[in-house]
Amino acid sequence: MIRQLWTVANQLTMLRLVFIPFIIINVIDNHYRWALVLFVLAGLSDGLDGTLARVLKQKTVLGQYLDPIADKLLLSSLFLVLSLLHKIEWKFTILVFSRDICIIATCAVLYATTTLRTFAPSVFGKVNTIAQILGLFFVLLREIDGATWVQIGRTIGLWSTLVFTLISGIHYIIITGQRLHTHDKAAAAR
């Protein structure tokens with residue numbers, strides 16, 4: 001497991017985790033320019049770590065867990081802090097947190113009570129993550145530049161987050177139900 005930590009891809013993911021407190025500190029201190037720069041760097045590291053893992057053939061089990069954890073910590077922390085500072089309406093943050101908590105709880109229960117061990121993200125989950133990133137990008141940019149196009153981007157990003165959070169949550173419920181049904185049938189056949 002320690003060897004997996006030292007892959008280039010996992011080191012980039014760890015770097016993204018290191019960015020989180022500095023992004024939050026800059027937001028709280030009203031240094032939105034720095035917060036946005038670090039957020040963009042974190043986003044670039046997210047795209048780069050997956051690409052490097054594939055190109056360098058460094059896909060690891062640790063990376064499969066660490067990457068989404070880093071994403072969720074970054075995005076959820078920003079949603080929470082920006083809502084506390086009244087930069088994002090609470091409805092968006094509550095929905096994002098509710099979906100993520102439900103998914104984590106479901107995965108934990110399934111991991112503990114069944115032999116299911118893989119919980120791959122769906123296309124809707126990936127689109128939801130992109131919507132969250134774009135929404136947060138424009139929220140941060142809005143604190144730097146009040147242009148109309150930035151406000152429009154903020155609005156579209158946040159409402160896309162709301163829509164895709166709902167869609168991906170419902171899709172996850174359906175897929176999990178199907179997987180459990182298949183799992184139960186396979187267990188009964190043994």
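Throughout, read-outs are computed from the coordinates displayed, never taken from laboratory work. Note that this is a predicted model, so its numbers are computed, not measured. Please note: Cβ atoms are built from the backbone with ideal geometry, for glycine as well, and neighbour counts cover all protein chains shown.
If the cut-off is a Cα-Cα distance under 14 Å, which aspartates and glutamates reach Lys72, setting aside same-chain residues fewer than 8 apart in sequence?
Filter leaves Asp46, Asp100.
For segment 2-53, what relative contact order do you get, as a whole percent, if you take Cα pairs closer than 8 Å and at least 6 residues apart? Spell out each step's value before the answer.
Numbers: 38 pairs, mean separation 25.6, N = 52.
Once normalised by length, the contact order is 49 percent.
Give me the aspartates and glutamates in straight-line cross-link reach of Lys87: C-alpha distance below 17 Å, same-chain residues under 8 apart excluded.
Candidates past the 8-residue exclusion: Asp29, Glu143, Asp145.
To the nearest 0.05, what FRET efficiency results for Ile175 and Asp145 with a Förster distance of 35 Å applied to their C-beta separation? Before the final figure, lay out the partial values.
Details: r = 40 Å, r/R0 = 1.13.
E between Ile175 and Asp145, to the nearest 0.05, is 0.30.
Averaged over every viewing direction, what's the projected area of the C-alpha convex hull for segment 1-87? Give it in nm², one decimal, please. Spell out each step's value before the answer.
Numbers: hull surface 21.3 nm².
So the Cα hull casts an average projection of 5.3 nm².
To one decimal place, what Kirkwood hydrodynamic radius in Å is obtained for the chain from all pairs of distinct Cα atoms?
Working: mean 1/r = 0.0560 Å⁻¹.
For the chain, inverting the mean 1/r across all distinct Cα pairs yields 17.9 Å.
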